[in-house]
Amino acid sequence: MNAKEEKIIRLNEVGSTNDYAKARRGEGVPFTVVARRQTGGRGTKGRSFSSEEGGAYLSKLSFYESFPAKDAFQIMIGAAVAVCETVKEYGVTPVIKWPNDIFVNGKKICGILIENTFSGQWIASSVVGIGLNVCNCLPEALREIGTTLKEECGKEVCLEEVIEKLLLELSLPRSVEEYRAYLGYVGERISLLIGDKRVPATLLCVDEQGRLCVEIEGEKAVFSAAEVTLR
Ligand code: BTN
């Protein structure tokens with residue numbers, strides 16, 4: 001393994017690859033952990049993430065020397081664009097549902113969960129967790145809203161090949177322009193959940209800090225992912 005090559009840990013089963021990576025963060029060594037299945041896969045906002053065998057479940061642990069916290073969205077850009085580039089290689093058209101979901105044909109194919117640690121104004125480390133539905137069988141309750149790469153391709157897909165492509169794509173530098181090129185619903189009417197209020201808006205763009213820029217009743221407004229949910 002040369003200095004550029006990252007350590008890959010492969011597990012048959014784990015609670016959550018993000019939790020595994022976080023538990024070993026103290027060792028100070030970057031790695032990516034890939035699991036065949038997760039028994040306690042986690043999503044954003046405390047949700048669970050279905051993780052049956054056949055999907056790609058991985059977490060990449062990275063450490064930084066001087067990464068300003070204000071640029072944290074760069075990490076999401078890297079992950080979301082890597083997933084889009086990977087699935088695009090299979091002839092499907094992905095869109096990013098801001099900030100961290102990837103959709104194909106109106107159904108979710110991938111979720112991303114990023115967990116950072118901070119040291120003052122700096123990001124000290126990050127765990128980028130990616131759950132990509134490849135040829136896993138989705139639970140009944142998710143079949144209306146979720147999809148898999150196999151379903152979208154209409155043919156068998158090699159999980160190992162998808163994981164290899166994704167790992168490679170994750171190692172490449174990305175720009176906000178690339179993220180914007182995949183951003184879905186631009187110019188479309190959307191519904192924002194602000195607290196418990198649903199607010200109709202038009203999606204304009206995502207800024208460099210990862211905030212959603214919208215128009216509400218003719219007025220421009222900007223929201224962070226902590227402030228609103230895109231419906
Ligand atoms: C979401 O859809 O809200 C985010 C889902 C993130 C799931 C991935 S699977 C690998 C990693 N381990 C976890 O427990 N979660 C992430």
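Here are the numbers:
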item: Total residues in region 29-43, condition surrounded by 16 or more Cβ atoms within 10 Å (Cβ to Cβ) and β-branched (Val, Ile, Thr); result: 3
item: Test: residue in region 80-103 that is among the small types (Gly, Ala, Ser), buried (at least 22 other Cβ atoms within 10 Å of the Cβ) and either closer than 17 Å to Leu159 by Cα or touching a Lys or Arg at 6+ places or on another chain (Cβ under 8 Å) (or both); result: yes
item: Pairs with Cβ under 6 Å, 6+ apart, first in region 98-123 and among the basic types (Lys, Arg), second near the ligand (Cβ under 9 Å from one of its atoms); result: Lys108/Asp101
item: Residue satisfying condition, being surrounded by fewer than 12 Cβ atoms within 10 Å (Cβ to Cβ) and either in a loop (DSSP other than H, G, I, E, B) or in contact (Cβ under 8 Å) with a residue 60 or more places away in the chain (or both), within set Glu169, Glu156, Glu178; result: Glu156
item: All strands (runs of 3 or more DSSP E) inside region 50-113 with 1 or more residues being more than 16 Å from the ligand (Cβ to nearest atom); result: 56-63
item: Test for Arg25: is it closer than 15 Å to Asn136 by Cβ, over 15 Å from the mean Cα position of the chain (by Cα) and surrounded by 17 or more Cβ atoms within 10 Å (Cβ to Cβ); result: no
item: Residue that is farthest from the ligand (Cβ to nearest atom) [pool: residues in region 16-39 that are of a type in the set (Gly, Ala, Ser) and closer than 18 Å to Ile114 by Cβ]; result: Ala23
item: Search result, residues across region 124-153 that are outside any strand (DSSP E or B), of a type in the set (A, V, I, L, M, F, W, C) and in contact with a strand residue (DSSP E or B) (Cβ under 9 Å, 6 or more places away or on another chain); result: Val134, Cys135, Cys137, Leu138, Leu142, Ile145, Leu149
item: Residue in region 210-231 that is surrounded by the most Cβ atoms within 10 Å (Cβ to Cβ), counting only those that are touching an Asp or Glu at 6+ places or on another chain (Cβ under 9 Å) and not aliphatic (A, V, I, L, M); result: Arg211
item: Of the criteria (1) closer than 27 Å to Ser62 by Cβ; (2) crowded, with 18+ Cβ neighbours inside 10 Å, which one Asp207 fails; result: (2)
item: Looking only at region 51-74, and only at residues there that are polar (S, T, N, Q) and under 22 Å from Leu167 (Cβ atoms), the one that is surrounded by the fewest Cβ atoms within 10 Å (Cβ to Cβ); result: Ser62
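A short reminder: the numbers here are calculations on the coordinates, not readings from a lab. Keep in mind that what you see is a predicted model, and the values were worked out from it rather than measured. Cβ: placed from backbone, ideal geometry, glycine included. Neighbour counts: every protein chain shown.
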